[in-house]
Amino acid sequence: MRVISRKRIQEARILFPSAASSLDGWYRVISKNTFANFSELKEVFGSVDKVGSLYVFNIGGNKVRSTANIH
């Protein structure tokens, strides 16, 4: 999967320093994998939810939520 901009992740690391390592881990996993469907994504990220066309990830034990549009 390709993350278009890492800028927002870096901004979140500054705003939520207690979740910085979790954000880094999320980025590493998401950028090094491909997911054929929501089930595969859910296997890796158990707390991900699909809301309309968006995906909501709970990061760092629900300290931060990331909303993603996946194409």
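Just so it is clear, none of the values below were taken in a lab; they were calculated from the coordinates. Keep in mind that what you see is a predicted model, and the values were worked out from it rather than measured. Counting neighbours? That spans all protein chains shown, and the Cβs are built from the backbone with ideal geometry, glycine included.
Do any trypsin sites (Lys or Arg not before Pro) in the range 16-67 lie in a loop, going by DSSP, with at most 10 other beta-carbon atoms within 10 Å of their beta carbon, and if so which? Mind showing how you got there, number by number?
Details: sites: Arg28, Lys32, Lys42, Lys50, Lys63, Arg65; in loops: Lys32, Lys63.
Filter output for the range 16-67: Lys32.
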*For the range 7-69, restrict the atom set to alpha-carbon positions and state the Rg and Dmax in Å.*
11.5, 32
_Cα-based helix-to-principal-axis angle, 20-31 vs the chain, degrees rounded to 10_ = 30 degrees
*Sequence-distant or interchain residues sharing an amide H contact under 5 Å with Ile59, placed H: which?*
Val64, Arg65, Ser66
*Along Cα→Cβ, 7 Å out, is where each label goes; now give me the distance between the ones at Lys32 and Val44 in nm to one decimal.*
1.0 nm
